[in-house]
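Worksheet: one structure, shown below.
The values are calculated or read from the model by the stated rules, or taken from the named source; none is laboratory data. Keep in mind the model is a prediction, meaning the values are calculated, not measured. Neighbour counts run over all protein chains shown; Cβ positions are idealised from the backbone, glycine included.
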Amino acid sequence: MTEQANEAVALRQWTDVIRRARLGRTVKSVALMLATYADNDGTRVFPGIARLAVDCELTYNVVQGALATLRTAGLITVVRRGSRRGQADEYRLILAADVLDRVEILTPTQVADAAALLAVRRRGRHRPTPASVAADPAADDAHDNLHPTALGAVFPCSQDLHPGASGAGRALPMVAAPHGVGCEPAAA
């Protein structure tokens, strides 16, 4: 972080802090869009509120509020106010000396841990893999109704879904579908 609160910081350093900061998605969206207008040293940022609103697909008032939040958090400062109506204010990207007191900013380790935890929670919400089916002893009964596909995965295949052409209970033998997913009745 910088020694003085009003000293510009490198764009990459600032965006790394913003990415880990707990600002809410709206403020973070505005902040990251604001960064796209900055020079590499974090200076000369003057897109204007209306332009940011269009870029972020937000209302003018929401962008104004997000910029106020960023100023209060010590992440941007106004360098120059627009001198006349329609002229944009100029901002500078900063990291105030007390930014950690103003905003919760996760460490890179905390971000990695949170991402790993989310990935673990998401497991099991998709179709089972062949390895998970084979590893589950309860799946032995279900394994009789599974067939391999061209991609090597297995999916349930019920002959009850494909009655004979007359619909009279005589089922056709099942084969892997040409697209590799699901079953098709064999050609008669």
query = Is at least one residue of segment 93-107 under 18 Å from T26 (Cβ atoms) and without any contact (Cβ under 8 Å) to a residue 40 or more places away in the chain?
reply = yes
note = If we keep only residues of segment 1-35 that are at pLDDT 95 or above and of a type in the set (V, I, T), then the residue nearest to T69 (Cα to Cα) is V27
ask   = In segment 103-129, which residues are out of contact with any helix residue (DSSP H, G or I) (no Cβ under 7 Å at 6 or more places or on another chain), surrounded by 14 or more Cβ atoms within 10 Å (Cβ to Cβ) and modelled with pLDDT of 95 or more?
value = V103
ask   = V78 fails exactly one of the following numbered conditions: (1) in a helix (DSSP H, G or I); (2) touching a strand residue (DSSP E or B) at 6+ places or on another chain (Cβ under 7 Å); (3) surrounded by fewer than 17 Cβ atoms within 10 Å (Cβ to Cβ). What is the number of that condition?
value = (1)
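Residues are listed down the side, and each one gets a yes or a no for (1) more than 26 Å from the chain's Cα centre (by Cα); (2) hydrophobic (A, V, I, L, M, F, W, C):
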{"residue": "R22", "(1), (2)": "no, no"}
{"residue": "A35", "(1), (2)": "no, yes"}
{"residue": "L58", "(1), (2)": "no, yes"}
{"residue": "A66", "(1), (2)": "no, yes"}
{"residue": "R81", "(1), (2)": "yes, no"}
{"residue": "R85", "(1), (2)": "yes, no"}
{"residue": "L93", "(1), (2)": "no, yes"}
{"residue": "A96", "(1), (2)": "yes, yes"}
message = I need every pair where a residue in segment 49-75 that is outside any helix (DSSP H, G or I) has its Cβ under 7 Å from the Cβ of a residue that is surrounded by fewer than 16 Cβ atoms within 10 Å (Cβ to Cβ) and of a type outside the set (F, W, Y), sequence separation at least 6 or different chains.
response = L58/T26; A73/R102; G74/A5; G74/D98; G74/R102
